[in-house]
Amino acid sequence: MARKKTIPVQPTLVPFLNRELSWLEFNQRVLDEAMNMAVPLLERIKFLCITYSNLDEFFEVRVGALKQQIETDDLTRGIDGLSASQCLRSVTRRVRAMTAKAECCWSDQLRPSLAAAGISFVLPTELAESERRWLAQYYREKVHPVLTPLAIDPSHPFPQLLNKSLNLITRIRLGQGDATVERLAIVQVPRVLPATLLLPRPDSRKVHVFLSDLIGTHLDQLFPDTVIDGWWAFRITRNSELYIEEEASNLLKAVEAELHNRRKGEAVRMEISESCPESLRNELIHTLGLDLNDVYNVGALMAPGRLMSMLEDQSARELFDPPFVAPIAAAVRGWTDLFEAIREGDILLHHPYESFDTVVRFLQQAASDSRVLAIKQTLYRTGGDRRIVGALMDAVKKGKQVTAVVELKARFDEANNIAWARRLAEAGVHVVYGLVGYKIHCKVSLVVRNDPDGIRRYVHLGTGNYNASTARFYTDIGLLTCHPDFGEDASILFNLLTGVCQPRPTQRLVLAPFELHGRVQSLIRREIAHVRAGLPGRIIAKMNALVDEETILSLYEASKAGVEIDLIIRGVCCLRPGVLGLSERIRVCSIVDRFLEHSRLWFFANSNQPEVWVTSADWMPRNFFKRIEVAFPIIDGRLRDRVINEILALTLADTVKARWLKPDGTYVMTTTVSQTTPVRSQAEFIKITRGSRHRVGNAESQPDKGLQVRLKPVEEV
């Protein structure tokens, strides 16, 4: 059978890819969508904004951690063999190359295309007199009262600038002749005002002015009786990891206190206008404790996230993807009683193609149903959805016992989760914060109901957060079931999270940090044993990231034994595929498209008795050992076939948005020889839910028929 091109193992070839560089390759694939002329214009703007937002978080967390490792003389090397210093140098080179492409994307492609579509970004000085008067009035009435000029002189030390705030630094001169004194001052662009201003015009053109440019052109009103030599925009990114003492007597207060520190963590990056004088740039570098490698000169666009406000204007529908409103899942249409529908059989939900409203309705019905006795719920990123937390509050009012396990340390959602935890507690919900030392990352709802035939437990399990907003943009899998084994296991899980007890054995659910890592290894070893016994071996795993060294080594062993392996990994992948004698039977693809690929699925052929697992966990050490995670099997044959022959098969058949990982860590498009019609998997899933494409995965499906597509020869482009 023809195989994807491979390269021989070289003595210098480390069997693992660098985690940080792999993540940057993922972000490059996001940027590629911004540069893709086939993507609607305003969707390209969205991808450009996401690219920069991702980079912000990367510096806040990953680069911050590398710099801290260097500063503490931690000599620990990554699984790829690089030291922290070597990794940081490689990261810096890669980010500079990426941001250079991003700037060209804006200057040479997106901005001209926007102008051609009637959307312009201009400087105030480029406007007509009437428009400048309008801006001047807007500045006087709305902007000037909010601004605070911050002088830098012996009596005014350098101000504490907020993380990721946009600032203007200006050089001013006071006095005349020999008495002239030079001073520096900083003005922070206020976040409470719109970042871009849309000018009122009689025609249909949309003309935008950045708030920072408006402030810059009116600095003379902030610093009267001075000469302004110039102003330049700059932005600081700070180490934003939370360092919380897990044994703190009050975790809620400990997290709150640390959130204040995040805003003033050590600076790890400065973005500054490329026109800023070198002397002024050097002064900022010295003051902030940075070096030249931490400075990124920006020419075309500072803080591109400001462009996101454009996406709120849906008037130019032709510049967006075609609208899509997810329908209610076919399995629950026509049912007024969801509990009755679940008793008829397990229900699989594929978001965002099937509406998340089914999950919201499940909780709302549980809150209002007089037969429901108790509701137990994990909340990782609530998103402030009033329907979900409101259902829990309503349930308390109706006398039900309600428990919410709220994860306070969900990165960058800590403040939001704290606010909702307090509101839930005030409403009478029993709020707990899980286990010391572990993040609660599993997605589980448990409803205990007194049915006519006895007490029954209804369970929702999923790969995504209980957040109806992100559920419209993230691809996730959910399962509604009342199978007794799942109900018992969910009770064991919640007792573990809320009580003081040792983990008890479960029948269906597999929990991290207790047994998930070992179960993954045993499932891989089982495929190896089948192949060695002359039986077919096949593994497919879909996830966000693959980092765990032991799991990668197990996959290498499986490949060498003859197991065919397809990995669908959106982001970081530290495994090198396609290396002769190591991983030639392993293929790795990544899909970046309209929706964020977020579901985690495993398929193991198991000698023609296939198993499908759904989980909240990626194959990373933190998920295996530092989080409470859940993996669960799909035991209904109809649903299992649907996952295999519809979800996984279509994803692997993608020839439009799929990018395939090469042994050197870069990604390329590939074409399937036998396939002449392009396949865009996300578009196919939309067709299925709209009824314009046949749904597969019924009881009569062939168990592995749809998956044969990726076993056919593949050519690299």
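The values are calculated or read from the model by the stated rules, or taken from the named source; none is laboratory data. Quick caveat: nothing in here was measured; it's all calculated off a predicted structure. When we count neighbours, we look across all protein chains shown, and the Cβ atoms used for this are built from the backbone with ideal geometry, even at glycine.
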Determine if segment 296-313 includes at least one residue that is at pLDDT 95 or above and surrounded by fewer than 18 Cβ atoms within 10 Å (Cβ to Cβ). yes
Within segment 300-340, how many residues are hydroxyl-bearing (S, T, Y) and over 29 Å from L55 (Cα atoms)? 2
So, first residue over 10 Å from I236 (Cα atoms) in segment 258-275, second residue part of a strand (DSSP E or B) and modelled with pLDDT of 95 or more, Cβ within less than 8 Å, six or more apart or across chains; the pairs are S273/W232; S273/A233; S273/F234; S273/N297; S273/V298; E274/N297; E274/V298; S275/W232
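May I ask you to verify whether K101 is closer than 24 Å to L168 by Cβ and of a type outside the set (S, T, Y)?
Numbers: closer than 24 Å to L168 by Cβ: no; of a type outside the set (S, T, Y): yes.
No; evaluated as a whole, the condition is false for this residue.
Condition check ((1) farther than 16 Å from L17 by Cα; (2) buried (at least 23 other Cβ atoms within 10 Å of the Cβ); (3) assigned by TED's automatic domain parsing to the domain that holds L523) across all residues:
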site	(1), (2), (3)
E549	no, no, yes
E557	yes, no, yes
G562	yes, no, yes
L567	no, no, yes
L575	no, yes, yes
V579	no, no, yes
For segment 477-524: of the residues being assigned to a loop (DSSP other than H, G, I, E, B) and within 22 Å of R449 (Cα to Cα), which is nearest to the chain's Cα centre (by Cα)? L509
Give all pairs with beta carbons closer than 7 Å in which a residue from segment 639-661 that is under 20 Å from A331 (Cα atoms) meets a residue that is among the charged types (D, E, K, R) and assigned to a helix (DSSP H, G or I); count only pairs at least 6 apart in sequence or on separate chains. N645/K705
Picking from S240, S279, the residue that is surrounded by fewer than 18 Cβ atoms within 10 Å (Cβ to Cβ) and at pLDDT 50 or above would be S279
Tell me the residue from D203, D220, D229 that is at pLDDT below 95, in a loop (DSSP other than H, G, I, E, B) and in the same structural domain as R173 (by TED's automatic domain parsing), please. D203
